[in-house]
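Report on the following structure.
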Amino acid sequence: MADLTPAAGSWSGPRIVAALRDLAAHSAELGNTPAVFVPPPTDLRLKQVRLPRDAYFDRHTDVPVAAAPGRIDAEMITPYPPGIPVGLPGERLTKPVLEYLTTGVRAGMFLPDAADRNLDTVRVVAEHTDR
């Protein structure tokens, strides 16, 4: 069996295959998790409307996630998995992105850098400074 990565030894391939077979054999025991809404890739691209540094250091407020669409993000929001930022300071938040994040959190997604890791609220630039 070929190595799966350049760093793997010859022992790793059979162990990984055995682990995957075991997982498949017990998959019915894992239970169901809530569905995650995944918008089309084009809907995951937010528009940058302020410089990231300006948005991050400007006056901000935490708003309920339902009130966040259309507001300017003041924090980085990186869901794990996959570990790729979805929201960056200075980007205008959209309903599809927020729905992806909220359904993901319900399914077990982790947001290590969000001010509210449960995503009940989102940190946004204070309204009077929105441009």
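The values are calculated or read from the model by the stated rules, or taken from the named source; none is laboratory data. Worth saying up front: this structure is predicted, and the values here are computed from it rather than measured. Every residue, glycine among them, receives a Cβ derived from its backbone with ideal geometry; neighbour counts consider all protein chains shown. With ligands, DNA and RNA removed, areas are computed over all heavy atoms of the protein, side chains included. Shrake-Rupley method; radii C 1.70, N 1.55, O 1.52, S 1.80 Å.
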0 to 90° range, to nearest 10: angle between helix 12-25 axis and the chain longest Cα axis: 80
Determine the share of the range 22-108's accessible area contributed by carbon and sulfur atoms, expressed in whole percent, with a 1.4 angstrom probe. 60
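Near Asp22, within a Cβ-to-Cβ distance under 15 Å, what is the net charge of the other residues, with Lys and Arg +1 and Asp and Glu -1? It would help to have the intermediate numbers written out before the result.
Working: positive: Arg15, Arg21; negative: Glu29.
Result for the neighbourhood of Asp22: +1.
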3J(HN,Hα) from dihedral phi, the range 77-94, Karplus parametrisation 6.51/-1.76/1.60, rounded to Hz, x for glycine, proline: 10, 10, x, 10, x, x, x, 10, x, 9, x, 10, x, x, 8, 7, 6, 10
Which order do peptides 108-116, 21-29 fall in by mean Cβ count within 10 Å, highest first? 108-116, 21-29
Could you work out which residue, out of Leu20, Leu46, Leu98, moves most in a Gaussian network model of the chain, that is, has the largest mean-square fluctuation with Cα springs under 10 Å? Leu20
Inter-label distance, nm, simple model (7 Å from Cα along the C-beta direction), Asp43/Leu23: 2.8
Which of the trypsin sites (Lys or Arg not before Pro) found in the range 36-97 are in a DSSP loop and have at most 15 neighbouring Cβ atoms, other than their own, within 10 Å? Arg45, Lys47, Arg59
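Excluding ligands, DNA and RNA, what is the solvent-accessible area per residue of the chain at a probe of 1.4 Å, expressed in Å²?
Details: 8320 Å² over 131 residues.
With the other protein chains kept in place, the chain gives 64 Å² per residue.
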Suppose R0 equals 25 Å. What FRET efficiency, 1/(1 + (r/R0)^6) with r the Cβ-Cβ distance, do Ala35 and Asp113 give to the nearest 0.05? 0.55
Contour excess over end-to-end distance, with Cα ends at Phe57 and Ile16 and 0.36 nm allotted per residue: 10.2 nm
If I fit a long axis through the Cα atoms of helix 95-106 and take the longest principal axis of the Cα atoms of the chain, what angle between them do I get, 0 to 90°, rounded to 10? 50
